[in-house]
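Let me begin by presenting the structure, written as structure tokens, before commenting on it.
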Amino acid sequence: MPPAVTNHSAKQQVLKEVFGFEEFRPGQEQAIDALLAGRNVLTVMPTGSGKSLCFQVPALIRDGLTIVVSPLVALMQDQVAALHFAGVAADAINSSRDRAENVAAWQRAASGETRLLYMAPERLMTERMLAALGRLDVGLIAIDEAHCISQWGPSFRPEYQDLSRLREIFPDIPIAALTATADEVTRQDISAQIFAGNAETIVLGFDRPNIKLTVEMKASWKPQILAFIERHRGESGIVYCLSRKKTEEVAAFLADNGVVALPYHAGIDKAVRDANQNIFMTEPGVVIVATIAFGMGIDKSDVRFVFHSDLPGSLEAYYQEIGRAGRDGQPADAHMLYGLGDIRMRRLFIEQEAAGEERKRREHRRLDALLGYCESPSCRRSVLLGYFGEESTPCDNCDVCLDPVDMVDGVAEGQMVLLAVQQTGQRFGAVHIIDVLRGQMTEKVTGAGHDRLPCFGTGGEHNKEQWRSMIRQLVAVGHLLLDVKGYGGLAITDKGQALLQGEESFQYRQDTMRRTAPARRKTRSANLVAELSAAEMEILGRLKALRLRLAKERGVPAYVVFSDKSLADMAQRQPKNAAEFAEVNGVGAAKLRDFAAPFLEAIATASAAAAD
């Protein structure tokens with residue numbers, strides 16, 4: 001355990017000596033100062049910006065035990081392992097450990113040996129645990145992934161709501177709530193529930209400029225997925241699917257095409273699921289195909305892409321999920337497919353949820369915001385950041401900026417669709433409406449007598465894909481409504497009626513699904529790896545191999561040993577002794593003690609080989 005520090009430079013001392021960093025990132029010091037002063041803090045920081053240090057540094061300066069509430073066992077285990085590697089006495093009590101291990105962890109905490117104790121909310125908020133903690137010197141409480149407490153957040157967990165009692169049970173102890181994903185409504189809800197409004201709120205920018213944003217209209221999804229993966233051969237990535245069945249199907253499809261792809265969803269045996277996750281975390285070039293059951297707490301720095309094969313649930317969920325890519329700051333891709341069927345399924349999920357009408361209306365509006373993002377004719381990053389209240393100029397790193405779309409006047413086409421919907425009774429889906437417009441004599445069309453309607457055959461100049469895109473955009477901008485309680489029938493909204501009467505305009509973006517994707521561009525951010533020479537890249541390769549071996553020996557993810565940034569810094573500096581190794585980014589006292597020898601040896605060997 002690091003020595004106690006109490007002077008005015010304590011936070012800088014802990015930052016350098018324990019965690020190996022020279023300076024704080026934006027927002028960290030403000031949160032740390034508030035907690036050290038005994039104030040509550042709600043911190044909203046982008047994924048990868050170092051939220052954990054906001055409570056870990058105060059935990060090592062303040063007296064007493066710090067309780068950390070975490071939603072997932074995997075997240076607890078990774079954070080505890082990372083703290084152990086930094087020389088910090090941390091522990092977890094959770095369901096993955098047997099009773100003897102949990103008892104031993106509690107005894108270490110009760111004796112004062114442990115500085116940070118991780119628990120899930122269900123275990124923390126039992127009367128027995130709260131009574132036992134009441135007899136200890138608790139100095140700080142941190143609630144990680146705090147959006148889980150909010151019914152308006154993308155990962156709402158009812159058991160988190162019980163945490164609102166903490167301010168009454170521990171009235172004099174500062175509480176930190178931390179998340180990467182919370183719009184204004186969610187932030188207000190978290191603040192009200194956890195702090196009764198009495199908290200300092202720190203919101204950093206939401207931008208992840210290294211992630212390229214792309215949305216592609218869904219056509220033949222298997223070829224679309226494979227074409228994207230081919231551009232990322234040998235890279236680690238995540239493919240998200242809406243259902244367990246599709247997860248299995250996509251994983252098998254990619255494997256059949258030579259991709260190392262593994263499925264992950266809640267229906268898979270836990271041992272297999274954990275094994276697949278471990279392979280993804282420790283081995284390079286693995287693609288995990290998953291439902292949203294995978295992700296929270298997954299801190300793998302070199303995920304090069306996140307691919308959504310189906311529409312996510314909201315912009316918050318989308319932001320959270322793409323945030324798993326590019327945590328090392330290097331270029332990464334976020335690519336989404338979406339189609340009309342996705343919209344219908346998402347609407348249906350909202351309607352089937354056991355929730356009040358107010359929540360359903362809000363969730364429909366959130367889905368509308370996501371559809372607006374998908375159909376946006378302007379910079380996607382500006383739309384995404386604007387949703388979180390942040391202004392942005394065009395980013396030059398999204399598909400719209402890199403390959404601007406042409407907007408076409410669509411009043412005539414829009415009116416044709418609306419007339420077909422109106423004349424067929426506002427109860428048929430897109431497939432039937434398109435058949436009517438294109439004059440297709442299907443059994444369903446002739447059986448309903450729709451071949452005798454005035455609108456029959458009026459849209460023969462457009463193919464099916466073009467009409468699908470048109471209807472999708474009419475839905476997205478609010479001219480048409482999908483009847484999710486029925487069978488996906490289309491109905492005309494008030495806005496659609498206005499378009500029919502010539503009182504509304506309609507412009508659409510032409511379907512881009514057949515365009516060739518533009519070449520991937522580097523971001524403007526500094527790229528440390530790109531600055532390495534060929535010899536330094538060879539050293540970096542050896543260091544990564546050593547890191548992977550050490551991580552496997554210890555049963556932890558590779559990033560827990562050292563981040564890619566630390567290895568690149570080593571390759572560039574090529575330290576020759578412990579004193580020089582201590583200057584490497586991310587090397588604290590414990591890592592200096594535990595890892596200096598093998599990494600210095602690897603650097604020396606690689607340097608000698610390069611010189612020959």
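Only the coordinates and a few stated rules stand behind these numbers; no lab work does. All of these numbers come straight from a predicted model, not from anything done at the bench. Here Cβ is always computed from backbone atoms with ideal geometry, including for glycine, and neighbour counts include all displayed protein chains.
Quick one: 3J(HN,Hα) in Hz for the range 493-509, Karplus 6.51/-1.76/1.60 with θ = phi - 60°, rounded, Gly and Pro as x.
Once rounded to whole Hz, the list reads 8, 4, 5, x, 4, 5, 5, 4, 8, x, 9, 10, 9, 8, 10, 10, 8.
Which value, in debye to the nearest 20, gives the size of the charge dipole of the range 529-611 about its Cα centre, when Lys and Arg are +1 and Asp and Glu are -1 at the Cβ? Mind showing how you got there, number by number?
Numbers: 11 positive and 10 negative charges, 65 e Å.
Charge dipole of the range 529-611: 320 debye, to the nearest 20.
If the limit is 22 Å between Cα atoms, which of K212/K495; K270/K300; K444/K464; K300/K565; K11/K576 go over it? Display every interim value, and only then the final one.
Details: K212/K495 34 Å; K270/K300 20 Å; K444/K464 17 Å; K300/K565 13 Å; K11/K576 29 Å.
With Cα atoms farther than 22 Å apart: K212/K495; K11/K576.
So if each residue of separation counts as 0.36 nm, and I subtract the Cα-Cα distance between E249 and R554, what length gain in nm does that give?
On the way: separation 305, 0.36 × 305 = 109.80 nm, distance 3.32 nm.
Here the answer is 106.5 nm.
Please compute the length gained on full extension between Q107 and R365, using 0.36 nm multiplied by the number of residues separating them and subtracting their Cα-Cα distance. Can you show the working numbers first?
Details: separation 258, 0.36 × 258 = 92.88 nm, distance 4.90 nm.
Contour length minus the Cα-Cα distance gives 88.0 nm.
So for the chain, taking the charge dipole from beta-carbon charges (+1 Lys/Arg, -1 Asp/Glu), which of V400, F294, A199 sits furthest toward the positive end?
Highest projection toward the positive end goes to F294.
Would you calculate the separation in nanometres between label points at T126 and F349, each defined as 7 Å from the Cα along the Cα-to-beta-carbon direction?
Taking the two extended label points, one gets 3.3 nm.
What's the angle, to the nearest 10 degrees (0 to 90), between helix 184-195's Cα axis and the longest principal axis of the chain?
40 degrees
Among L500, A266, Q30, whose Cα lies farthest out toward the positive end of the dipole of the chain, if unit charges sit on the beta carbon of Lys, Arg (+1) and Asp, Glu (-1)?
A266
Go through the range 577-588 residue by residue and turn each phi into a ³J(HN,Hα) via Karplus (6.51, -1.76, 1.60, θ = phi - 60°); whole Hz please, and just put x for glycine and proline.
Per residue, the Karplus-derived 3J(HN,Hα) values read 8, 4, 5, 6, 5, 5, 7, 5, 4, x, 9, x Hz.
Ordered by packing density, taken as the mean number of other Cβ atoms within 10 Å over each peptide's residues, highest first, how do 87-95, 371-379 rank? Don't skip to the end; give the middle numbers.
Details: 87-95: 20.2, 371-379: 18.6.
With the highest mean Cβ count within 10 Å placed first, the list reads 87-95, 371-379.
Amide H of F428: which non-local residues (sequence gap of 5 or more, or other chain) have their own amide H closer than 5 Å, using H built in the peptide plane?
For F428, whose amide H was placed from the backbone, the distant partners under 5 Å are L490.
In whole Hz and in residue order, list the ³J(HN,Hα) couplings for the range 382-395 that follow from phi through the Karplus curve 6.51 cos²θ - 1.76 cosθ + 1.60, θ = phi - 60°; x for Gly and Pro.
So the Karplus estimates, Gly and Pro as x, are 4, 5, 5, 5, x, 4, 8, x, 10, 7, 8, 8, x, 8 Hz.
Going toward the positive end of the dipole of the range 155-290, with +1 on Lys and Arg Cβ and -1 on Asp and Glu Cβ, which of L254, G285, I211 do you reach last?
L254
If you place +1 on the Cβ of every Lys and Arg, -1 on the Cβ of every Asp and Glu, and leave all else neutral, what size is the dipole of the chain about its Cα centre, to the nearest 20 Debye?
On the way: 70 positive and 78 negative charges, 154 e Å.
Taking the Cα centre of the chain as origin, the dipole is about 740 debye.
Pull up all non-local amide H partners of H308: gap of 5 or more, or a different chain, and H-to-H distance under 5 Å with H placed in the peptide plane.
Hits under the 5 Å cutoff: Y240, H335, M336, L337.
Once fully extended, how much extra length lies between A597 and D494, figured as 0.36 nm per residue of separation less the alpha-carbon to alpha-carbon distance? It would help to have the intermediate numbers written out before the result.
Working: separation 103, 0.36 × 103 = 37.08 nm, distance 7.15 nm.
Roughly 29.9 nm would be gained on extension.
Between D256 and R97, take the C-beta separation as r, use R0 = 30 Å, and let me know the FRET efficiency to the nearest 0.05.
On the way: r = 38 Å, r/R0 = 1.28.
Efficiency, rounded to the nearest 0.05: 0.20.
With n ≥ 4 as the cut-off for DSSP H runs, can you work out [θ] at 222 nm for the chain, using -39500 (n - 2.57) per run divided by the number of residues, rounded to the nearest 500? Numbers along the way, then the final one.
Details: 27 runs with 274 residues, N = 612.
Roughly -13000 deg cm²/dmol at 222 nm, from the helical runs in the chain.
Taking the 0 to 90 degree range and rounding to the nearest ten, how far is the long axis of helix 534-554 tilted relative to the main principal axis of the chain, both from C-alpha atoms?
That works out to roughly 80 degrees.
Which FRET efficiency value, to the nearest 0.05, do you get for L36 and S220 by plugging their Cβ-Cβ distance into 1/(1 + (r/R0)^6) with R0 = 41 Å? Don't skip to the answer; put the middle values down first.
Numbers: r = 57 Å, r/R0 = 1.38.
Approximately 0.15, to the nearest 0.05.
Would you please give the residues with an amide H less than 5 Å from that of I268, counting only those at least 5 places away or on a separate chain, with H modeled from the backbone geometry?
Hits under the 5 Å cutoff: none.
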